[in-house]
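The values are calculated or read from the model by the stated rules, or taken from the named source; none is laboratory data. None of the values given here were measured: they were computed from a predicted structure. Positions of Cβ are generated from backbone atoms using ideal geometry, with glycine treated the same way; all protein chains shown enter the neighbour counts.
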Amino acid sequence: MSKEKENDLTIKIFALIIAIILWSYVMSEENPFMEKEIRNIEVTLSNIDSVERQKLVIMEPKDPKITVRLYGRRNDLDRIVADDILASVDLSGYGEGAVKVPVYIEVPDEVKVVDYYPKEILFKFEKLITKDMVVNVETVGELPQGYVLGEPVIKPQSVYIEGPRSWVDSVMNVVATVDITSKMEDINVTVPIRLIDEQGNDVRGVELNQNLVDVFIPVYKIKKVPIELQIEGQLPDDYKITDIKIEPNEIDIKGKKEDLEKINSIKTKPVNINDLINKQNVVVELDLPEKISLVNPNQQITVTLNIEESITKVFRYTLGEINMVNLASNLKVDESDLNQPFTVTIKGTSSKINPINKEDLDIEVDLKDLTAGSYYVEPVVKNAVDFIVANIQPKSLSITLKEE
């Protein structure tokens, strides 16, 4: 090669080097290498069908996103947006519970990944469960005075709810709300169902196998009537009923208006009177007519019977210890007659007889219109109120009246 050609090649190589240097300089100044952070990159859920086959539900997170930091030329980075970056998680093989799932990313070839976060996402999986729950009726409003509700009839009585385990478990009550304002006739309505948690709030996100139920609630009129005690059997001869108390002595009953009009009292079921001896009180049942019930079915009816044994008491007197009434002023009783003895036997309940003493009896002999002479007179007990005089022995006494 000639020297001239060698010089020409050298110049070309040198020019190329200069051009590369200049290009590198220009690129470093005009299109330099740099980093760029891209936020809110949506994460694709791969193999979601594996989750669904296990009847699992993703509770958290609902919309997972990550942040990526890239390195590359400014022009390349400027063209890249969040949709150009593929972030994904593989959900196959996981069961119920909380688990960290690694994030995989893919970026365009002209840039490199410096870092991304989070590198793992905490997923919470819950089982999709079904539960059978009874429907309860809740009323709003007030009935007119003198009316009361009967037991509601609900069709269907229960419903199936379905959803994530924690949501289904949070349902404490299934409620059908019925407005009873001013109702005087039976209520027959179709109403929606509400799912209620422990705090009384509506539970969202749980599905029902049906949203409506039919509710029938009978409306009854109230009537207050007296209670009549029915007693069977007889007391022994030496016992007596001194008092009867029924507590309460009136009761509120409910029924249809036409049925209540026929009822003026409610009888108890028969009570054997001998079962009440030595008992202070007894709970009795009511003999309710057909189609009639108590407003308060738990109310107890208590019967108290005071049953006492009849006893006798004997007091001894002399004629001189009792009152001589209507004796003429010019007459007197022979002194020897005043010592004549007699007895008085009284009978009654123990509570009345026991407190009575001899001095408590008011006994007298009536001498009205008698003149001087001998007579037979009969002592009389004047204050026999809480007892009876069973016997006076002897029944009559002989006396002699003398002029003074």
Scanning the stretch 205-226 residue by residue, the ones that are more than 22 Å from the chain's Cα centre (by Cα) and within 18 Å of ALA176 (Cβ to Cβ) total 9
Restricted to the stretch 97-118 and to residues being within 52 Å of the chain's Cα centre (by Cα) and surrounded by 15 or more Cβ atoms within 10 Å (Cβ to Cβ), the residue nearest to TYR220 (Cα to Cα) is VAL99
Exactly one of ILE121, ILE161, ILE129, ILE154 is buried (at least 16 other Cβ atoms within 10 Å of the Cβ) and farther than 30 Å from VAL51 by Cα, and that residue is ILE154
Over the stretch 287-305, the set of residues more than 14 Å from GLU228 (Cα to Cα) and in a loop (DSSP other than H, G, I, E, B) is GLU290, LYS291, ILE292, VAL295, ASN296, PRO297, ASN298, GLN299, GLN300
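Yes or no, residue by residue, for (1) among the hydrophobic types (A, V, I, L, M, F, W, C); (2) assigned by TED's automatic domain parsing to the domain that holds GLN54; (3) at pLDDT 95 or above:
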{"position": "GLY150", "(1), (2), (3)": "no, no, no"}
{"position": "SER158", "(1), (2), (3)": "no, no, yes"}
{"position": "GLU162", "(1), (2), (3)": "no, no, yes"}
{"position": "VAL168", "(1), (2), (3)": "yes, no, yes"}
{"position": "ALA176", "(1), (2), (3)": "yes, no, yes"}
{"position": "ILE180", "(1), (2), (3)": "yes, no, yes"}
{"position": "VAL189", "(1), (2), (3)": "yes, no, yes"}
{"position": "PRO192", "(1), (2), (3)": "no, no, yes"}
{"position": "GLY200", "(1), (2), (3)": "no, no, no"}
